[in-house]
1. Name every residue in the range 92-131 that is of a type in the set (Val, Ile, Thr) and open to solvent by 40 Å² or more (accessible area, probe 1.4 Å), in order of residue number.
2. Any residue in the range 246-262 that is more than 20 Å from Pro194 (Cα to Cα) sitting within a Cβ distance under 6 Å of a residue that is at pLDDT 95 or above and surrounded by 15 or more Cβ atoms within 10 Å (Cβ to Cβ)? List the pairs, counting only those 6 or more apart or interchain.
3. Do we have any residue at all in the range 72-80 that's within 13 Å of the ligand (Cβ to nearest atom) and closer than 13 Å to Gly309 by Cβ?
4. Considering only the range 132-139, I want to know if a residue exists there that is within 13 Å of the ligand (Cβ to nearest atom), over 25 Å from Leu23 (Cβ atoms), surrounded by 15 or more Cβ atoms within 10 Å (Cβ to Cβ) and in contact (Cβ under 8 Å) with a residue 60 or more places away in the chain.
5. Go through the residues of the range 100-122 one by one and say whether even a single one is within 30 Å of Lys312 (Cα to Cα) and either away from the ligand (no atom under 12 Å from the Cβ) or free of Cβ contacts under 8 Å to residues at least 24 places away in the same chain (or both).
6. Looking only at the range 140-151, filter to residues that are out of contact with any helix residue (DSSP H, G or I) (no Cβ under 8 Å at 6 or more places or on another chain) and touching a residue at least 60 places away in the same chain (Cβ under 8 Å); which one of those is least open to solvent (accessible area, probe 1.4 Å)?
7. Restricting to helices (runs of 4 or more DSSP H) lying wholly in the range 104-185: which have 2 or more residues that are within 21 Å of Phe39 (Cβ to Cβ)?
8. Condition first: open to solvent by 20 Å² or more (accessible area, probe 1.4 Å) and in contact with a helix residue (DSSP H, G or I) (Cβ under 7 Å, 6 or more places away or on another chain). Now tell me which residues in the range 152-173 satisfy that.
Amino acid sequence: MAMKRVFSGIQPTSDSFHLGNYLGALKQWVELQEGHDGFYCIVDLHALSGEIEPTLLRKRTLSSAAQLIALGISPEKSTLFVQSQVPHHNQLGWIMECLAGFGEASRMTQFKDKSAKGGADSARVGLFTYPMLQAADILLYQANLVPVGEDQRQHIELTRDLAGRFNTRFGQTFTIPENYILKSAAKIQDLQDPASKMSKSSSSLVGVLEIMDTPESIAKKIKSAATDTGREVTFDEKEKPGISNLLTIHSALSGQSITALESEFEGKGYGDFKAAVADVVAEHLRPIRAKALELLEDDKHLVDLLHVGAVKARTIAIETLEKAYKNLGTVA
Ligand code: TRP
């Protein structure tokens, strides 16, 4: 039986991915490479729907690629590529826009949230059509699984609806991806504000552990993490959200259970515990950061690797797009 195909994408919108990205999705991308045909895309065109900064876009696209490889995405085993290097995404995106209802697109909560934040006047059309481009990303590769977090559920549902609509009206063309939302194995919160998710859009990076942080910076951030009342290291998200978050982080990276950690730190204070968490995080990230920095020293090699991925992606993308055009009645 053919291997199931996995497709996922991430925007190059920050200099470094953070621990929430890693434990929430990227770690699963790496695991899914085994036994699946993985397509992993740095969605630079989606990033244009936010602030456009040409020098930053280039730098962040390369840095994203380096980090993905350093985290374990293998450019040989999987297809790792940059969205803008495969123009078929835009071409199928247009077809998806012509299938999607205006009302349907207006109900996307990510669009509503993001456009509300900046004020309706500053929201651009690309932010509105973003989900149809995302559907095209997925459908071009006939993906079976799309490992993303809960916040992307509505976009995946839309993708399934659009694929089904196309297939019903114009003939079987697209694989409808399975429902496969990642149950975040670990819910990683901001260190300073443990009530909010660790996020690249948070106003300050003090509470965000980045993959590219130095061990010193990791130690500093964890030392200054919000401390709860009391002094026991116990897991209690209501009463001790800060310590619980650190326990989750330690456990996710060390593989030790929360209960084992609670007994290990029984009778010790928050200070000792924080120092241990800092060590675990720094040790885990050290080789990843080193590998990413090494890859970034040779841009040309990195760009070449991405070109190889784009060539592999294009072969499949062209096939799907041609089938869609043919079924729509365009003259070849
Ligand atoms: N919208 C996704 C996010 O913000 C990124 C994305 C774009 C994506 N295209 C995709 C994810 C296709 C999965 C599949 O996380």
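1. Thr109, Val125
2. Close Cβ pairs satisfying both conditions: Ser254/Val280.
3. Checking the range 72-80: not a single residue is within 13 Å of the ligand (Cβ to nearest atom) and closer than 13 Å to Gly309 by Cβ.
4. Yes, the range 132-139 contains a residue that is within 13 Å of the ligand (Cβ to nearest atom), over 25 Å from Leu23 (Cβ atoms), surrounded by 15 or more Cβ atoms within 10 Å (Cβ to Cβ) and in contact (Cβ under 8 Å) with a residue 60 or more places away in the chain.
5. yes
6. Ala143
7. 125-140, 153-170
8. Gln154, Arg165, Phe170, Gly171
The values are calculated or read from the model by the stated rules, or taken from the named source; none is laboratory data. Quantities reported herein were computed from a predicted structural model and do not represent experimental measurements. Counting neighbours? That spans all protein chains shown, and the Cβs are built from the backbone with ideal geometry, glycine included. To get the accessible areas, we keep the full protein, side chains included, count just its heavy atoms, and leave off ligands, DNA and RNA. Shrake-Rupley method; radii C 1.70, N 1.55, O 1.52, S 1.80 Å.
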